[in-house]
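Before any comments, here is the structure.
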Amino acid sequence: MKKSLVLILFLTSFVNVFGQEIPRFNPDTIKTIQLDSAVNITSERLSVETFIRAVTTDTSFYQAFRNMKKYSFVAENSIYTYDKKNKVSGRLYRKVKRNNTAPWLEYLVKQDTGKLFKKNGKYNLYTVEMFDYIFMNAYQSSYSSESAVGKSDGAIAGYKDKLKTLIFSPGRPVKGLPFIGSKTEIFTANMRQYYDYSFFSGTYLDSISVYRFKVTVKPDLSNWTKDGLMIKELTTIFDKRNFEILGRYVDMKYSNMLFDFNVQMNIEMGYFGEEKLPAKVSYQGNWNVPMKKPEKASVLVLQREYRLGKGK
């Protein structure tokens, strides 16, 4: 009787997830900030140029991801895939405990449901393969004080490098992406005419005083001009105390003869002791490439319980 009840509960939850449309993991750094008036920071002699320089020269944001490899921590990775009607078609869930000494990982929970894999055992969607590759590789590698040298091998690794440039070095061209590589250069003299730049004072995660620097497409542009701009919004959160980046949100949408996509991604940092480390990554995106199956997916990564000793 007990086993039957458990089975019924499982099937009920399965039907609820796969029979309905669920909210995507909406990137929400902006929602975690309570904004003050823009007047509050006028006297501090900050300008748009101040924030642009900080965005384009900061290295602490990427360094936080490298520094996490010093630590043991618990991570939860959830990836949902969707069909043409935005119904959930598959779910991948991993809860792992990373140790900062080998063996690196202990799987606490590992679940795969729905249509995630091809007959050959590979992931059905490229998005799922890429995110699983990025985070599982990071969790199973050691910290090094030296920056990686040379080019990454393989298609997935190559796209990881392009994503890294886009997220951690916004405003720079992304090499190797035909027709759109230069569309990321939103701070050049030519591109600035298409964007509005604003900055506000606020409170991040209810306790940290921050600045929010927001770059958005000007609303009065023609639809044709807007369609030609790939980055629709770039928002960056700065810690007032040291002007280091605590969060970033990017909204991208573009379409041409080769592909079209609509992607939002958000990264949030948190302080664990005195160290700034990744706390949350969320993504939602639709991709459509000729001759390939359209991809719709959302991703949520949560990392917590950082400690320098080996995880217990």
Checklist entry - Among all residue pairs at least 6 apart or on different chains, which show Cβ distances below 8 Å where the first residue, located in segment 92-119, is more than 22 Å from Lys69 (Cα to Cα) and the second is in a strand (DSSP E or B) and hydrophobic (A, V, I, L, M, F, W, C)? => result Leu92/Ile79; Gln111/Leu92; Asp112/Leu92; Gly114/Val88; Leu116/Leu92
Checklist entry - What is the residue count in segment 264-301 for residues that are surrounded by 16 or more Cβ atoms within 10 Å (Cβ to Cβ) and either charged (D, E, K, R) or in contact with a Lys or Arg (Cβ under 6 Å, 6 or more places away or on another chain) (or both)? => result 10
Checklist entry - Given segment 166-272, what strands (runs of 3 or more DSSP E) lie entirely inside it while holding 3 or more residues that are within 24 Å of Ser60 (Cα to Cα), touching a Gly at 6+ places or on another chain (Cβ under 8 Å) and of a type in the set (A, V, I, L, M)? => result 260-272
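If we scan segment 137-153, do we find a residue that is under 18 Å from Met252 (Cα atoms), at pLDDT 80 or above and surrounded by 14 or more Cβ atoms within 10 Å (Cβ to Cβ)? Please lay out each step first, then the result.
First, pick out the residues of segment 137-153 that are under 18 Å from Met252 (Cα atoms): none.
There is no residue in segment 137-153 that is under 18 Å from Met252 (Cα atoms), at pLDDT 80 or above and surrounded by 14 or more Cβ atoms within 10 Å (Cβ to Cβ).
From the set of residues in segment 44-87 that are assigned to a helix (DSSP H, G or I) and among the polar types (S, T, N, Q), which is farthest from the chain's Cα centre (by Cα)? Before the answer, list the steps.
Of segment 44-87, the ones assigned to a helix (DSSP H, G or I) are 44, 48-57, 60-70.
Among the residues that remain, those that are also among the polar types (S, T, N, Q) are: 50, 56-57, 60, 63, 67.
Details: Thr50: 25, Thr56: 18, Thr57: 20, Ser60: 16, Gln63: 15, Asn67: 17 Å.
Step by step, filter segment 44-87, then rank; the result is Thr50.
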Item to check | Residue count, segment 174-227 (criterion: surrounded by 11 or more Cβ atoms within 10 Å (Cβ to Cβ), among the charged types (D, E, K, R) and either modelled with pLDDT of 90 or more or over 23 Å from the mean Cα position of the chain (by Cα) (or both)) | outcome: 7
Next on the checklist: Among the residues in segment 227-236, are any free of Cβ contacts under 8 Å to residues at least 40 places away in the same chain and touching a strand residue (DSSP E or B) at 6+ places or on another chain (Cβ under 6 Å)?
Outcome noted: yes
Checklist entry - Which ones in segment 248-291 are in contact (Cβ under 8 Å) with a residue 60 or more places away in the chain and within 23 Å of Arg91 (Cβ to Cβ)? => result Gln264, Met265, Asn266, Ile267, Glu268, Pro278, Ser282, Tyr283, Gln284, Gly285, Trp287
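Scan segment 115-130 and give yes if some residue there is closer than 27 Å to Met291 by Cα, assigned to a helix (DSSP H, G or I) and of a type in the set (A, V, I, L, M), otherwise no. Working first, answer last.
Keep residues of segment 115-130 that are closer than 27 Å to Met291 by Cα, which gives 115-130.
Within this subset, residues satisfying the condition of being assigned to a helix (DSSP H, G or I) are 126-130.
Next, from what is left, pick out any that are of a type in the set (A, V, I, L, M): 128, 130.
For segment 115-130, residues closer than 27 Å to Met291 by Cα, assigned to a helix (DSSP H, G or I) and of a type in the set (A, V, I, L, M): present.
The values are calculated or read from the model by the stated rules, or taken from the named source; none is laboratory data. Note that the structure is a prediction, hence the values are computed from the model and not measured. So basically every Cβ, Gly included, is an ideal-geometry build from the backbone, and we count neighbours across all protein chains shown.
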